[in-house]
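The values are calculated or read from the model by the stated rules, or taken from the named source; none is laboratory data. In this text the structure is predicted, and so the values were computed from the model without any measurement. Here the Cβ positions follow ideal geometry from the backbone for every residue, glycine too, while neighbour counts run over all protein chains shown. The area values use the complete protein model at the heavy-atom level, side chains included, leaving out ligands, DNA and RNA. Shrake-Rupley method; radii C 1.70, N 1.55, O 1.52, S 1.80 Å.
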Amino acid sequence: MLIALDDVSKQYPNGTEALRDIDLRIDAGEFVFIVGSSGAGKSTLNRLLIREELPSSGSVVIDGTDVVRMKRSQVPFLRRKIGVVFQDFKLLPNKTVAENVAFALIVTDHPARAVREETERALALVNLTQRRTHFPRELSGGEQQRTAIARALVNRPRILIADEPTGNLDPVTTWEIIKLLIRVRELGTTLLISTHNAEIVNALRQRVLHLDHGAIVRDERQGRYAA
Amino acid sequence: MRRIGYVVAAAWQGFWRNPVMSVASTLTVAVMLLLFAFFVMTDRGLQAAVGILESKVELVVYLEDDAKPTDVLELRRRIENDPAVEAVAYISKEQALERLKEIARRRPELALEDVTTNPLPNSLEVKLASAQETRRVSGMLREEVGKGVIYDLVDNPTVVDKLLTITRVLSIGGLAVLGMMLFVALFVIVNTIRIAVHARRDEIEIMKLVGATDWFVRWPFIVEGMLVGVFGAIVALAAIAAVAGPVASSLVGFLDIVPVSLGPNFIAQLAAGLIGFALLVGGAGATFSVRTHLAK
């Protein structure tokens, strides 16, 4: 069991009930789509996993560690186990592709040699070795998202969380990214992908978690976007 | 080493990312340190001046021409026994005249050739160990003026009194000004770092996301604050070095004494003090800024 949520609820101070009584088990190596309308609680769930938020009640355990009770000083080490990719890429505009990827290793205190080698490996994985000296503004949307994926994976995390990873991309590029994510999963990383893209979900027939008003209303092994 | 390299490089980049703000805060720190150094040096100078004047403080007791030698000896012993007195010297009429002639040789406007009799009295020159006691000892002796042995008494404690007052006022005033400057410097540093944090908020967000420890997130800013302090100290020290020579020589010309011994030892102490103080102020300001603006 890689991820275990028990009885998790989250209420924001303004009274919004973002999550209600969530029980969830995800095994290592799973490919999980999280679907649901905006405001259903997908982003809150992601934030609980990387401990950007704490649940109001319930427990969150990742890779054997109680995320709720962990010391603040341990949070960075939890986050090194979880790569995160966003709809808007969040690349640093004044750094090249290679520097954006290497940044994740440098600020987590890796020696120079490891920074070089792991950066090259990640760039090769997302097929951007040729673009390594380009700046984000010189890249297409798909290339920017591949850079972000390389950065998320360069620390060799056990889990990759993608929040609407194809939301800003055209259909062709979307498939390019999805194929890349399938390869990432084949290499052993557990994937949690929040999406509104029905076509992809329906084509891949993977596990689907459907959130509605903060509750899991559907959890299917080989699910579709809509019941 | 690796971390330190990263932190220093990031701090250096941060400093130059917003050069106007960084230079402004560096100069503010420099002005504060200059005031601090000026205050320290003035205080030292005044203390040295008080010390020199104190060592020169004397009471001169003029004796009646017809005082009996036994009474004079008795008076001398009484003065010598006072704990505030360092030394007592007997100057006869003849010795006093010799001295006067000596002075007259160097100052031709005093014509002493015509002096045939010796108008100067015998005297006791009393050297005091501490200026604070002048008033008491002179008061004690003044009571005996005109009673057969002591003809007159000359003291000059007012200069020392004034100097002591000036030193006190300068100490308090200097501390007040220094306190205000310290506040201004801290305020400017806190703001500089706040802007630096703001300029790098995207970078900080990514750092936290990929699992950088607080150490990596915070220390570049704290070191940037320390850089501001150290650069300020260097500017201040350069300014002091540039003006120290001329100021010292003009003081020598004006006061006839070297007010402070600006030896290499004192300069080294001052430099170490300024740099240490600057590091402390820069680091403290930045730490405060990081704590308030980098929460979560």
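Considering only region A:60-68, I want to know if a residue exists there that is open to solvent by less than 60 Å² (accessible area, probe 1.4 Å), in contact (Cβ under 8 Å) with a residue 24 or more places away in the chain and within 12 Å of chain B (Cβ to nearest Cβ). Looking for residues that are open to solvent by less than 60 Å² (accessible area, probe 1.4 Å), in contact (Cβ under 8 Å) with a residue 24 or more places away in the chain and within 12 Å of chain B (Cβ to nearest Cβ), one finds none in region A:60-68, hence no. The condition of being within 16 Å of the chain's Cα centre (by Cα) and either within 17 Å of residue A:8 (Cβ to Cβ) or open to solvent by 10 Å² or more (accessible area, probe 1.4 Å) (or both) holds for only one of A:81, A:71, that being A:81.
The single condition among (1) under 12 Å from residue A:85 (Cβ atoms); (2) at pLDDT below 95 that residue A:172 does not meet is (1). Residue B:153 passes every criterion in (1) open to solvent by 60 Å² or more (accessible area, probe 1.4 Å); (2) in a strand (DSSP E or B) apart from (1).
If you go through region A:69-93 and keep only what is out of contact with any Pro (no Cβ under 8 Å at 6 or more places or on another chain) and within 9 Å of another protein chain (Cβ to nearest Cβ), you end up with A:72, A:73, A:75, A:76, A:77, A:78, A:79, A:84, A:90.
Residues in region B:187-203 that are within 12 Å of another protein chain (Cβ to nearest Cβ), touching a Leu at 6+ places or on another chain (Cβ under 7 Å) and open to solvent by less than 30 Å² (accessible area, probe 1.4 Å): B:203 only. When residues in region A:55-74 are screened for being assigned to a loop (DSSP other than H, G, I, E, B), touching a strand residue (DSSP E or B) at 6+ places or on another chain (Cβ under 7 Å) and under 19 Å from residue B:208 (Cα atoms), 2 of them pass.
For residue B:184, the criteria (1) modelled with pLDDT under 90; (2) open to solvent by less than 30 Å² (accessible area, probe 1.4 Å) hold in every case but one, which is (2).
Going through (1) buried (at least 16 other Cβ atoms within 10 Å of the Cβ); (2) in a helix (DSSP H, G or I); (3) touching a Leu at 6+ places or on another chain (Cβ under 9 Å) one by one, residue A:91 falls short only on (2).
Residues in region A:94-112 that are at the interface with chain B (Cβ under 8 Å from one of its Cβ atoms), open to solvent by 10 Å² or more (accessible area, probe 1.4 Å) and in a loop (DSSP other than H, G, I, E, B): A:109, A:111.
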